[in-house]
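So the structure is just underneath, and the comments pick up after that.
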Amino acid sequence: MSETGGEGWGQSGNPTSVFAYEGHQGPEEGGMKNEGEMRKGEEGQGREEDEDYDSPPERQIVVGICSMMKKSKSKPMTQIMERLCKFEYITVVIFPEEVILNEPVDKWPLCDCLVSFHSKGTNERFPLDKAVEYANLRNPLLINDLNMQYYIQDRREVYRILQEEGIDLPRYAVLTRDPDRPEECNLVEGEDHVEVNGEVFPKPFVEKPVCAEDHNVYIYYPTSAGGGSQRLFRKIGSRSSVYSPESCVRKTGSYIYEEFMPTDGTDVKVYTVGPDYAHAEARKSPALDGKVERDSEGKEIRYPVMLSAMEKLVARKVCLAFKQTVCGFDLLRANGHSFVCDVNGFSFVKNSMKYYDDCAKVLGNMVMRELAPQFHIPWSIPMEAEDIPIVPTTSGTMMELRCVIAIIRHGDRTPKQKMKMEVRHTLFFELFEKYGGYKSGKLKLKKPKQLQEVLDIARLLLAELGQHTDCEIEEKKGKLEQLKTVLEMYGHFSGINRKVQLTYLPNGQPKASSEEEEGPKEGPSLLLVLKWGGELTPAGRVQAEELGRAFRCMYPGGQGDYAGFPGCGLLRLHSTYRHDLKIYASDEGRVQMTAAAFAKGLLALEGELTPILVQMVKSANMNGMLDSDSESLTDCQQRVKARLHEIMQKDQDFTEDDYQKLAPTGSPSLVNSMKIIGNPVRTCDQVYALIQRLTSQIRKRLEDPKSADLQLYHSETLELMLQRWSKLERDFRNKSGRYDISKIPDIYDCVKYDTQHNSTLGLEDTLELFRLSRALADIVIPQEYGINKPEKMDIAQAYCLPLMKKIQLDLQRTHEDEAVNKLHPLYSRGVMSPGRHVRTRLYFTSESHVHSLLSIFRYGGLLDEVKDQQWKQAMDYLSAVSELNYMTQIVIMLYEDNNKDPGSEERFHVELHFSPGVKSCEDEENVPLGFGFRPASAENQEKQTNQGSLEDLSQDEPDRALPLSELVSIRRSPMIRNRKTGSMEVLSETTSGSSSKGASYRLFPSCSRQSPEIKPTGLGSLCSGLFSASVLGVSSSAPNLRDYVRTHHRKPPLSPGLPFGDELFSMPAVKRFSVSFARHPTNGFEGCSMVPSIYPLETLHNSLSLKQVDEFLNAVCEDSSDAHAKTMKALSVLFDTSSQGYGQAHTYPPPKALSSSETPVRPPTHPLCLNSGPPSTVSSAGPSSPTSVNPSNPAIHFSFSE
């Protein structure tokens, strides 16, 4: 009995695969021949083929496919086998599933070459034992070794083999729970770590079942990031993982515990076909938000990426070590290295015609070389390129966006609070000793377990106090109660919320502040400082996420379904791995959560912030890049603060001399605040009286039974609010009647918070307190960073030197390094410009760094105000800005003009943008206005051409950069209402071709004169009908956008006669924050009623060359040490103090350099910013000229993964 599943192979060239059934010995006409016929000599080889035109070749090599039917009939297998059949001497035979499962192996079809692999069928598993038995019986050529497939099913064996081969893998330990071998199960679980057989794994760590078939892999997060775990599983619909609040590891089963690798949310899957061929694809990590991105056919979206030389070597090693010709494995790219974390065995790429061609060619050649050596088939690895445009076309002033760098302040937070108390109880000393406090004399307690111990001690002492009226403890009762109350807040601990610091005082605490009633006691004590508050509020999260979404609009537009929608260009760039994104944050909880929320909005992610924080946000406390722990700068600031206090303590109106002393730079915002204040002491008296009135109002509310359970914003109670204000009342004025000026920022902080979030209480005089404390804060806060220019520069450089060097490095390295997931141009169908690569570096930090960096740009000599009109206007605008509020942004954008000579200064073009962040309560009227985002310069205006409609743009060149003069050109026009999309304004015009001439900029409300240097330019119909990114939904991911677009006919409803508002709001808002999106012409965006909008970006300068910026950063970094020493000398003369030890204030020890011999020297023909050396060795200082490297520059080195 013989039967075939299709026609045999004829010489017409139609490929075929043959089903072989029980007892099958090959069809009469083509297909598979029996073993005797196969292995005949070469007698018939020289025969003329035209003797029997219709008959097949005499001998065929039979390739047998022995696997479960689901795999044998899969699309990739069918595609590859069809191509394999095109080899003249190869026939493919598929073993039917029922034969494999039910028949003995001697009844299985014969073959010369066997493709067989283990997998799970719908109901049954593949019988690997039988396949091994068949291979031993028939001895065919094995494409994938069968015995090694037993090892691949056990993750312990996989890791052992990888380790033996010297392949990098994450640090791991195996926990075997075997009743016969209890000594191997040694697990100790801590609050934020596990210890497995003596090996400690701090969270985040990964827990994998030892059985490779079990896909329930868990990732456990540290409490500082929010705790809980991400549970991964085999894809179900559009989900591949889910977040769980459970933080404890599993107690049954055997597991591998391994270090978590920070991969920026991307996994790389590698597919080998033999040791010399590897194809790689990247996909969104299933642990990021658990949502599987699928295309219109329901397939998971993956994009081919390029492998580095090192990774190709790893692929070769994996292929040979596991003896699997066709083999898939997972790579994690983290910290500049690639680690193998899983080997899957037999695996094909899905949906890549190029891969199918390559795979069939490699396999066919391999089979022919082994089984028909007489043909002398040469090795040939497919390398030919497809004809795909790699560089986007440019014309006119078209430039390509290469790099975006943003420094962003964190979002809205609760007021920062602090309480100090001296403690002497033995329990506190025992705690201090337990956590090693005596080593340094200081101890920080942040972990929940530690805070719980402090709380237990406080409860115990209070309980003792309740029973005995011991005078020694009685003094601290109020403080102990406050300690207990603060630690009991929220009902749970999180390291982000609170921390306790203990400092050893050998002789007790000297009396220092109004808080201490009695004189110092004898003997040693501990100073306990409790810090709480200062955490990101829900409003702060919304601000960060909205800003992330709005930030997308700065990138060139999308393609196809994405065309014309603001922000989709970035999503497409990112999802196709042409976007090299790294996000850094200082180690404060509010800053890290802001960064995570921003990333969620920027990349349209879903779900909890914890997984995003752990995977996308790097904590950059290296060299103090974003943290301000540097002790050396406090002395300079102390001197500045002392002068500030002295001026602010005068009980008289500010004199002309005071104006000179306090505002030597003549900044309008400072001068205005000084005018509002008049007499600083009288103003402080008023502020003090207002605080007293406020606390008495809150006390009255507390006595009112109706208010007993009143819940304020973010779980605060009236009691906590009273404690917050009473403490400020106590601390602001000391017993002698002098005011502590350093408390002014705290008072402003608190009143700003309550005016915004607790206005429903209806407390009287809060707005007056807000107005006065704001005027005081507008003087104190910026001037704490230096009063005159030299001091401002000195303090700024102390804070910002590492960050500036890092920015310089970011601008220089526009040519990508190998650590990046780069789209592979040969395989990227449907991507118009696979060569485009945009680097984005986001730095989230606190107020100090933002003030300092802005000071450097303002006072560091980047441009001459006298010669450059645009810079002068930018400086006027900046000096009119009074506050750098939450979400303040400084943005640097680098463009490349591919038409210019690579060595030319005009090749690279830099723009500087700024936004003062969130709006305050009374800002509407007094806000200084800049010149909008990316205004066109006069020469660009003449080159402008009409871009045509949206549809033209989407069909013509969807993925290209917009011309500089037109990308988004903003101006404020009295005639046509503007609308901002996030931090961008989009001009709406009622008729398609209406002229934009006659519109005007205004810098201040009084000034409507148009600047001669800057001319407005309109977008014409290009942007008519663009809707705000928020209409697409708060967390819509790319496929959802596509669905949205499809259901709305790819263009938003447009009606030429409609005013823009109707046009926008005729579309459904997807989530609640999209509702009142910028109703007012000057709004950035409105979230919900509790979330103030953010000012749009204003362009400070849009025609800098990279050379200018690079030389400026070089000069500032080099001057840092000299200038610091000079300033200190000058100050020491002024105050007659010693200036010892300041020269070294800003030298940072460079981390271990990779190789001293590899300093990159640039040839003269190279553009300034491109580095010819390997990217891993670039020092961030950068040479001062194209041909030389400056040896004197104290470079700070960053590893290339940064």
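The values are calculated or read from the model by the stated rules, or taken from the named source; none is laboratory data. Keep in mind that what you see is a predicted model, and the values were worked out from it rather than measured. Cβ sites come from the backbone with ideal geometry, for glycine too, and all protein chains shown count toward neighbours. Each accessible area value is taken on the protein alone, full model and side chains, heavy atoms only, with ligands, DNA and RNA left out. Shrake-Rupley method; radii C 1.70, N 1.55, O 1.52, S 1.80 Å.
Structural remarks
- Selection status of ASP264, part of a loop (DSSP other than H, G, I, E, B), surrounded by 19 or more Cβ atoms within 10 Å (Cβ to Cβ) and of a type outside the set (Val, Ile, Thr): yes
- Test: residue in segment 127-148 that is under 39 Å from the mean Cα position of the chain (by Cα), open to solvent by 10 Å² or more (accessible area, probe 1.4 Å) and among the polar types (S, T, N, Q): no
- Those residues of segment 717-751 which are in contact (Cβ under 8 Å) with a residue 40 or more places away in the chain and under 14 Å from LEU763 (Cβ atoms), in sequence order: ARG724, CYS750
- Condition check for ASP897: at pLDDT below 95, open to solvent by 40 Å² or more (accessible area, probe 1.4 Å) and more than 27 Å from PRO782 (Cα to Cα): no
- Some residue of segment 294-302 being over 18 Å from PRO170 (Cα atoms) and crowded, with 21+ Cβ neighbours inside 10 Å: yes
- Any hit, segment 324-342, residues being open to solvent by 70 Å² or more (accessible area, probe 1.4 Å), within 31 Å of the chain's Cα centre (by Cα) and at pLDDT below 95: yes
- Residue in segment 653-670 that is in contact with a Leu (Cβ under 7 Å, 6 or more places away or on another chain), among the small types (Gly, Ala, Ser) and open to solvent by less than 40 Å² (accessible area, probe 1.4 Å) present: yes
Residue-wise test of (1) under 25 Å from ASP778 (Cβ atoms); (2) part of a loop (DSSP other than H, G, I, E, B); (3) aliphatic (A, V, I, L, M); (4) under 37 Å from the mean Cα position of the chain (by Cα).
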residue: GLN697; (1), (2), (3), (4): no, no, no, no
residue: LYS706; (1), (2), (3), (4): no, no, no, no
residue: ASP709; (1), (2), (3), (4): no, yes, no, no
residue: GLU719; (1), (2), (3), (4): no, no, no, no
residue: GLN723; (1), (2), (3), (4): no, no, no, no
residue: SER726; (1), (2), (3), (4): no, no, no, no
residue: LYS735; (1), (2), (3), (4): no, yes, no, no
residue: ILE744; (1), (2), (3), (4): yes, no, yes, yes
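- Of the residues contained in segment 684-693, none is found to be over 30 Å from MET489 (Cβ atoms), open to solvent by 50 Å² or more (accessible area, probe 1.4 Å), among the basic types (Lys, Arg) and assigned to a helix (DSSP H, G or I).
- If the condition is being among the small types (Gly, Ala, Ser), more than 19 Å from TYR843 (Cα to Cα) and open to solvent by less than 40 Å² (accessible area, probe 1.4 Å), then segment 398-442 contributes GLY436, GLY437, GLY441.
- Residue, least open to solvent (accessible area, probe 1.4 Å), within segment 236-261, restricted to residues that are in contact with a strand residue (DSSP E or B) (Cβ under 8 Å, 6 or more places away or on another chain) and over 24 Å from LEU175 (Cβ atoms): SER240
- In summary, LYS600 fulfils each of the numbered conditions (1) at pLDDT below 75; (2) within 25 Å of LEU894 (Cα to Cα); (3) open to solvent by 20 Å² or more (accessible area, probe 1.4 Å); (4) part of a helix (DSSP H, G or I) with the single exception of condition (1).
- Verdict on ILE856 being under 24 Å from ARG841 (Cα atoms), outside any strand (DSSP E or B), among the hydrophobic types (A, V, I, L, M, F, W, C) and within 26 Å of the chain's Cα centre (by Cα): yes
- From the list ALA321, ALA278, ALA287, the one residue that fits, being among the aliphatic types (A, V, I, L, M), touching a helix residue (DSSP H, G or I) at 6+ places or on another chain (Cβ under 8 Å) and open to solvent by 30 Å² or more (accessible area, probe 1.4 Å), is ALA278.
- Selection count, segment 747-764, where residues are assigned to a loop (DSSP other than H, G, I, E, B) and loosely packed, with under 14 Cβ neighbours inside 10 Å: 2
Yes/no matrix, rows are residues, columns are (1) assigned to a strand (DSSP E or B); (2) among the charged types (D, E, K, R); (3) more than 47 Å from the chain's Cα centre (by Cα):
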residue	(1), (2), (3)
ILE65	yes, no, no
GLU88	no, yes, yes
VAL115	yes, no, no
HIS118	no, no, no
ASN123	no, no, no
ILE161	no, no, no
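- Against the list (1) open to solvent by less than 60 Å² (accessible area, probe 1.4 Å); (2) in contact with a helix residue (DSSP H, G or I) (Cβ under 9 Å, 6 or more places away or on another chain); (3) within 30 Å of LYS354 (Cβ to Cβ); (4) not in a loop (DSSP other than H, G, I, E, B), the condition VAL93 fails is (2).
- Residue check for LEU313: of a type outside the set (Gly, Ala, Ser) and within 20 Å of the chain's Cα centre (by Cα): no
- Hits in segment 673-683 - residues which are loosely packed, with under 14 Cβ neighbours inside 10 Å and either in contact (Cβ under 8 Å) with a residue 24 or more places away in the chain or not in a helix (DSSP H, G or I) (or both): GLY678, ARG682
- Selection within segment 210-235 - touching a strand residue (DSSP E or B) at 6+ places or on another chain (Cβ under 6 Å) and open to solvent by 50 Å² or more (accessible area, probe 1.4 Å): HIS215, ASN216, ARG231
- For the condition β-branched (Val, Ile, Thr) and farther than 14 Å from ARG83 by Cα, VAL367 does not qualify.
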